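Q: A single structure is presented below for examination.
Where a number appears in this text, it was derived from the coordinates with a stated rule and is not lab data. Nothing here was measured: the structure is a model prediction, and the numbers come from that model. No Cβ is skipped: glycine too gets one built from the backbone with ideal geometry, and neighbour counts run over all protein chains shown.
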Amino acid sequence: MARPSSPHAPVTLAGTVRAHFGLTQAELARFMGVSRALVAAVEAGHKNFSEGPRHRLWVLARALPPPDGQGPPVPVFAAEGPDGPLDPDPLRVRLRRCQYLLARTRFELSQRGGWSRGHARREWAVAALRTALLEPPNPDERLTYPGATPDPVADRHWLDALALATAAAPVPLTATTRALRQARLRGLEAESAALEALLAE
């Protein structure tokens, strides 16, 4: 259904409906049950809709403001450009999130960032102690230190607790993961500083 023309291109009802409601050609096409390509062709003045899709288009056209339809006029929306007022609440929410992530990343780096050798040594020590206490190469070696009194049940219990504590300790970061965490830390520090500056304005 063609509408009054401009010198450059036909103004169609489909184009008017799309512009008024901010719809894409694909969104309008889904409503009408046709392809996006057909909507584009109709808007370009190359084709017309058949009766069924045209009736579907009229459903939306009725909601256009007069004189095209019976709907209300478009309200006036406040324009907010790049220099518009800032809402501080989302800035504060994001700043709190950044501060939380900063604290967590710093803690992770302090706990897991630089003791891979210590972690490996601790795992070795648990294995070595288990061998020394429970599986000595020569049982007589226990007598090397006078007064030493092995207690296999208590020793095994102590070793099991030691192994559990070692297994529960944070696994050290790899060099790549540590570098990624440090990069994240620098990004969060920069974002936090920018948000604090915006809130101070």
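Q: What distance in nm lies between label points placed 7 Å from Cα along the C-beta direction at W58 and R30?
A: 2.6 nm
Q: Give the calculated FRET efficiency between A175 and Q99 to the nearest 0.05, with a Förster radius of 35 Å applied to their Cβ-Cβ distance. The partial results should precede the final answer.
A: Details: r = 27 Å, r/R0 = 0.77.
Computed FRET efficiency for A175 and Q99: 0.80.
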